[in-house]
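The values are calculated or read from the model by the stated rules, or taken from the named source; none is laboratory data. Every value quoted in this text rests on a predicted model; they were computed, and no experiment measured them. Cβ placement follows ideal geometry from the backbone for every residue including glycine, while neighbour counts extend to all protein chains displayed. Keep in mind that these areas ignore ligands, DNA and RNA; they rest on the heavy atoms of the full protein, side chains included. Shrake-Rupley method; radii C 1.70, N 1.55, O 1.52, S 1.80 Å.
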Amino acid sequence: MSIERYAIIGDIHANWDALEAVLADAESRGVTDYVCVGDIVGYNADPVRCLEKIQSMDCVVVKGNHDHYCSNDMPLHDFHPDAGSVVAWTRDQLSAEQMQYLRDLPLVSRFAGVTVVHSTLDMPDKWGYVFDPLEADAHFSYQTTPCCVYGHTHVPVVFERQHSVVRHAFTRVKVTLGRRYFINVGSVGQPRDRDPRAAYTIYEPKARTFELIRVTYDIARAQARIREAKLPDRLAQRLSLGK
Ligand code: ZN
């Protein structure tokens, strides 16, 4: 029997080229299961293809804020113009069934003893951003499992709580019993840590390790699709900057 090895992916944001590269990479590393921390759609040009792929994988998925915005008809006037125009465009691409699928996604889920949320367990439907230990501390008061994975900021990072909360960048984390971990798995489709490569994280329950993986993909092709769809050019430009 193969060792259980989970690929935790998220913030795909309709970037098919990045998703395809990440899934191929995960397969080559012997990944047995997949988990998605949300934001399948929004920003990039392939919402339908990305959504169909995730649905076909039949894995644990939680709802991201863009999954939420793109699957209901709330007004968009509070949005940044670039973000609002993509949400409107994405709504036009999705079928009624696909919107229903996104609406029905849970805000919080669990796999192999690990909690999954898009933003934070501290009011997950308010989509708060966790960038610093103070924000992570508010989250930790709701975390009942040793580890919780999330996305939303598109910046891979680990918050570790022992006596206090510390924040560190990671490539590999070994879980120490008695401590709590809140781990941002990085973004597949729109990394914002100035590394334009797609990011995801592999969790191996037996070894109790989380490993951050970076994958090169055809950024030029993803940008061409954005321009072809006539989405805001800034969304294409930011992919090569990783921000
Ligand atoms: Zn996102």
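The figures follow:
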{"item": "Search result, residues across the stretch 1-50 that are among the small types (G, A, S), touching a strand residue (DSSP E or B) at 6+ places or on another chain (Cβ under 8 Å) and surrounded by 23 or more Cβ atoms within 10 Å (Cβ to Cβ)", "result": "A7, G10, A18, G38"}
{"item": "Of all residues making up the stretch 142-151, the number that are part of a loop (DSSP other than H, G, I, E, B) and either within 20 Å of I40 (Cβ to Cβ) or β-branched (V, I, T) (or both)", "result": "3"}
{"item": "Breaking point among (1) among the small types (G, A, S); (2) within 13 Å of the ligand (Cβ to nearest atom); (3) touching a helix residue (DSSP H, G or I) at 6+ places or on another chain (Cβ under 9 Å), for S71", "result": "(2)"}
{"item": "Those residues of the stretch 44-90 which are modelled with pLDDT under 95 and hydroxyl-bearing (S, T, Y), in sequence order", "result": "S85"}
{"item": "Among residues of the stretch 43-65, those that are in contact with a Phe, Trp or Tyr (Cβ under 7 Å, 6 or more places away or on another chain) and not acidic (D, E), counted", "result": "7"}
{"item": "Selection within the stretch 17-57 - part of a helix (DSSP H, G or I) and within 16 Å of the ligand (Cβ to nearest atom)", "result": "A18, L19, V22, P47, C50, L51, I54"}
{"item": "Of all residues making up the stretch 2-16, the number that are away from the ligand (no atom under 16 Å from the Cβ) and closer than 19 Å to V116 by Cα", "result": "4"}
{"item": "Selected residue (only one of L105, L94 is under 24 Å from G186 (Cβ atoms), of a type in the set (A, V, I, L, M, F, W, C) and modelled with pLDDT of 95 or more)", "result": "L105"}
{"item": "The stretch 71-89, subset surrounded by 15 or more Cβ atoms within 10 Å (Cβ to Cβ) and assigned to a loop (DSSP other than H, G, I, E, B), residue nearest to the chain's Cα centre (by Cα)", "result": "S71"}
{"item": "Candidates V185, V114, V158 - the one that is open to solvent by less than 10 Å² (accessible area, probe 1.4 Å), farther than 22 Å from A18 by Cα, under 18 Å from the mean Cα position of the chain (by Cα) and touching a residue at least 60 places away in the same chain (Cβ under 8 Å)", "result": "V114"}
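Residue-by-condition table, conditions (1) at pLDDT 95 or above; (2) part of a strand (DSSP E or B); (3) away from the ligand (no atom under 16 Å from the Cβ):
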| site | (1), (2), (3) |
| --- | --- |
| S119 | yes, no, no |
| D125 | yes, no, no |
| T153 | yes, no, no |
| F159 | yes, yes, yes |
| R167 | yes, yes, yes |
| R194 | yes, no, yes |
